[in-house]
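Data first, discussion second: the structure below is written as C-alpha coordinates.
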Amino acid sequence: ADPAPKSIGLAPADLAAALARDLSEGRYILTGNLTSSLFADDCRFVDPNNAVDGLSRYRQALGFLFEPTRSQLDNVHVRVVAAGSGRATIEATYVASGELKLPWRPKISPWSGKISYDVSPVTGLVVAQTDVWNITRFDAIRQTFTPGSTSRR
(Lines give C-alpha, C1' and ligand atoms only; values in the text may rest on other atoms or scores of the structure.)
Protein backbone atom coordinates (compact mmCIF):
# COMPACT_ATOMS: atom_id res chain seq x y z
CA ALA A 1 0.00 0.00 0.00
CA ASP A 2 1.09 3.55 -0.69
CA PRO A 3 2.00 5.44 2.50
CA ALA A 4 0.51 8.74 1.25
CA PRO A 5 -2.88 9.56 2.76
CA LYS A 6 -5.72 9.20 0.28
CA SER A 7 -7.77 12.16 -0.97
CA ILE A 8 -11.07 10.75 0.26
CA GLY A 9 -14.24 12.55 -0.75
CA LEU A 10 -12.97 14.83 -3.52
CA ALA A 11 -15.74 16.21 -5.69
CA PRO A 12 -15.59 14.72 -9.21
CA ALA A 13 -14.70 18.13 -10.69
CA ASP A 14 -11.78 18.51 -8.26
CA LEU A 15 -10.61 14.97 -9.02
CA ALA A 16 -10.81 15.71 -12.76
CA ALA A 17 -8.70 18.86 -12.27
CA ALA A 18 -6.06 16.90 -10.33
CA LEU A 19 -5.97 14.17 -13.00
CA ALA A 20 -5.60 16.85 -15.68
CA ARG A 21 -2.54 18.22 -13.83
CA ASP A 22 -1.06 14.73 -13.49
CA LEU A 23 -1.50 14.13 -17.21
CA SER A 24 -0.37 17.57 -18.43
CA GLU A 25 2.49 18.20 -16.01
CA GLY A 26 3.51 14.75 -14.77
CA ARG A 27 2.67 12.94 -18.04
CA TYR A 28 1.96 10.03 -15.74
CA ILE A 29 0.88 7.51 -18.37
CA LEU A 30 4.44 7.81 -19.73
CA THR A 31 6.36 8.33 -16.48
CA GLY A 32 4.37 6.84 -13.60
CA ASN A 33 4.59 10.29 -11.94
CA LEU A 34 1.05 10.50 -10.60
CA THR A 35 -0.65 11.70 -7.44
CA SER A 36 -1.14 8.36 -5.70
CA SER A 37 -3.63 9.82 -3.22
CA LEU A 38 -6.21 10.04 -6.06
CA PHE A 39 -6.19 6.29 -6.76
CA ALA A 40 -7.30 3.30 -4.69
CA ASP A 41 -4.33 1.06 -3.88
CA ASP A 42 -6.11 -1.83 -5.62
CA CYS A 43 -7.06 0.22 -8.69
CA ARG A 44 -7.18 -1.73 -11.97
CA PHE A 45 -5.31 -0.20 -14.92
CA VAL A 46 -6.15 -1.50 -18.41
CA ASP A 47 -4.85 -0.55 -21.86
CA PRO A 48 -4.86 -2.49 -25.14
CA ASN A 49 -1.58 -4.25 -24.25
CA ASN A 50 -1.76 -4.75 -20.50
CA ALA A 51 -3.92 -5.06 -17.43
CA VAL A 52 -2.31 -4.27 -14.09
CA ASP A 53 -3.93 -4.68 -10.68
CA GLY A 54 -2.61 -2.32 -8.06
CA LEU A 55 -1.29 1.22 -7.98
CA SER A 56 2.28 0.33 -7.01
CA ARG A 57 2.60 -2.28 -9.79
CA TYR A 58 1.25 0.20 -12.35
CA ARG A 59 3.69 2.93 -11.31
CA GLN A 60 6.57 0.48 -11.39
CA ALA A 61 5.62 -0.81 -14.85
CA LEU A 62 5.43 2.71 -16.29
CA GLY A 63 8.81 3.63 -14.84
CA PHE A 64 10.47 1.01 -17.06
CA LEU A 65 8.66 1.86 -20.28
CA PHE A 66 9.21 5.35 -21.73
CA GLU A 67 12.25 7.63 -21.72
CA PRO A 68 10.68 10.72 -20.06
CA THR A 69 12.95 13.30 -21.70
CA ARG A 70 12.15 11.93 -25.16
CA SER A 71 8.42 11.37 -24.78
CA GLN A 72 5.46 13.73 -25.12
CA LEU A 73 1.90 13.94 -23.85
CA ASP A 74 -0.10 16.75 -25.47
CA ASN A 75 -3.64 17.93 -26.16
CA VAL A 76 -4.86 16.76 -22.76
CA HIS A 77 -8.56 17.33 -22.06
CA VAL A 78 -10.27 15.99 -18.94
CA ARG A 79 -13.97 16.18 -18.04
CA VAL A 80 -16.55 14.65 -15.74
CA VAL A 81 -19.01 12.70 -17.90
CA ALA A 82 -21.23 11.21 -15.21
CA ALA A 83 -21.77 12.08 -11.57
CA GLY A 84 -24.56 11.63 -9.10
CA SER A 85 -25.63 9.08 -6.54
CA GLY A 86 -23.83 6.25 -8.35
CA ARG A 87 -20.23 5.87 -9.45
CA ALA A 88 -18.81 8.95 -11.18
CA THR A 89 -16.96 8.66 -14.47
CA ILE A 90 -14.24 11.00 -15.71
CA GLU A 91 -12.81 10.92 -19.23
CA ALA A 92 -9.51 12.21 -20.56
CA THR A 93 -8.22 12.46 -24.11
CA TYR A 94 -4.61 13.00 -25.15
CA VAL A 95 -2.02 12.57 -27.89
CA ALA A 96 1.20 10.79 -26.89
CA SER A 97 4.47 9.74 -28.51
CA GLY A 98 7.80 8.65 -27.21
CA GLU A 99 10.90 6.57 -27.06
CA LEU A 100 10.99 3.30 -25.17
CA LYS A 101 13.75 2.41 -22.70
CA LEU A 102 14.94 -0.56 -24.74
CA PRO A 103 18.51 -0.95 -26.08
CA TRP A 104 17.44 -0.28 -29.68
CA ARG A 105 15.47 2.86 -28.59
CA PRO A 106 12.24 2.28 -30.53
CA LYS A 107 10.22 5.40 -31.22
CA ILE A 108 6.47 5.15 -30.82
CA SER A 109 4.64 7.35 -33.32
CA PRO A 110 1.96 9.72 -32.02
CA TRP A 111 -1.25 8.01 -30.97
CA SER A 112 -4.48 9.33 -29.52
CA GLY A 113 -5.92 7.87 -26.38
CA LYS A 114 -9.06 8.09 -24.31
CA ILE A 115 -8.96 7.20 -20.63
CA SER A 116 -12.08 6.39 -18.62
CA TYR A 117 -11.75 6.67 -14.86
CA ASP A 118 -14.31 4.91 -12.67
CA VAL A 119 -14.67 6.69 -9.35
CA SER A 120 -15.89 5.03 -6.17
CA PRO A 121 -19.13 6.57 -4.84
CA VAL A 122 -17.92 5.76 -1.32
CA THR A 123 -14.35 7.10 -1.32
CA GLY A 124 -14.18 9.36 -4.37
CA LEU A 125 -10.99 7.57 -5.43
CA VAL A 126 -10.27 6.19 -8.89
CA VAL A 127 -10.90 2.43 -8.72
CA ALA A 128 -10.41 1.62 -12.42
CA GLN A 129 -8.62 3.27 -15.34
CA THR A 130 -9.26 2.04 -18.88
CA ASP A 131 -7.19 3.49 -21.73
CA VAL A 132 -8.29 2.99 -25.36
CA TRP A 133 -6.02 3.93 -28.28
CA ASN A 134 -6.58 4.86 -31.91
CA ILE A 135 -3.92 2.33 -32.93
CA THR A 136 -4.25 -1.41 -32.79
CA ARG A 137 -2.57 -3.58 -30.20
CA PHE A 138 -0.58 -5.14 -33.06
CA ASP A 139 0.67 -1.75 -34.29
CA ALA A 140 1.79 -0.78 -30.78
CA ILE A 141 3.74 -4.03 -30.42
CA ARG A 142 5.18 -3.75 -33.96
CA GLN A 143 6.58 -0.29 -33.18
CA THR A 144 8.27 -1.72 -30.08
CA PHE A 145 10.39 -3.90 -32.35
CA THR A 146 11.22 -1.16 -34.86
CA PRO A 147 14.65 0.33 -34.14
CA GLY A 148 14.82 4.04 -33.42
CA SER A 149 17.84 6.20 -32.87
CA THR A 150 20.58 4.49 -30.88
CA SER A 151 22.31 7.78 -30.08
CA ARG A 152 21.40 9.62 -26.92
CA ARG A 153 21.25 13.37 -26.63
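The values are calculated or read from the model by the stated rules, or taken from the named source; none is laboratory data. Model, not experiment: these values are computed from the prediction. Every residue, glycine among them, receives a Cβ derived from its backbone with ideal geometry; neighbour counts consider all protein chains shown. The area values use the complete protein model at the heavy-atom level, side chains included, leaving out ligands, DNA and RNA. Shrake-Rupley method; radii C 1.70, N 1.55, O 1.52, S 1.80 Å.
Work out the P(r) tail for the chain: percent of alpha carbon pairs separated by more than 27 Å, whole number.
In whole percent, the share of Cα-Cα pairs in the chain beyond 27 Å is 22.
Can you spot the aspartates and glutamates whose alpha carbon is less than 12 Å from residue 6's alpha carbon? Ignore those fewer than 8 places along the same chain.
Here the aspartates and glutamates satisfying the reach criterion relative to residue 6 are 41.
Could you pull out every residue, at least 5 positions away or on a different chain, whose amide H is within less than 5 Å of the one on residue 66? Hs are placed 1.01 Å off N in the peptide plane, and Pro or chain starts have none.
Counting only residues 5 or more places away or on other chains, the set is 101.
Among 73, 100, 136, whose Cα lies farthest out toward the positive end of the dipole of the chain, if unit charges sit on the beta carbon of Lys, Arg (+1) and Asp, Glu (-1)?
My answer, from the dipole projection, is 100.
Select from 19, 50, 7 the residue farthest towards the positive end of the dipole of the stretch 1-142; place +1 on Cβ of Lys and Arg, -1 on Cβ of Asp and Glu, and compute about the Cα centre.
Result: 50.
Tell me which aspartates and glutamates have Cα within less than 18 Å of residue 107's Cα, excluding those fewer than 8 residues away on the same chain?
67, 74, 99, 139
Using the Karplus curve 6.51 cos²θ - 1.76 cosθ + 1.60 with θ = phi - 60°, work out ³J(HN,Hα) for each residue of the stretch 50-60 in order, rounded to whole Hz, and write x for Gly and Pro.
8, 9, 10, 9, x, 4, 5, 5, 5, 4, 5
Residue 128's amide H: which non-local residues (gap 5+, or another chain) put their own amide H closer than 5 Å, with H modeled 1.01 Å from N in plane and none for Pro or chain starts?
Those qualifying (amide H under 5 Å, at least 5 residues apart or on another chain) are 44, 118.
Could you state the accessible area per residue of the stretch 1-71 in Å², with a 1.4 Å probe and every protein chain left in place?
50 Å²
Taking all protein chains together and a probe of 1.4 Å, list 66, 145 from the most accessible to the least accessible.
Per-residue accessible area, sorted high to low, gives 145, 66.
Carbon-plus-sulfur fraction of the accessible area of the chain, 1.4 Å probe, in percent?
Solvent-exposed carbon and sulfur of the chain make up 54 percent of the total.
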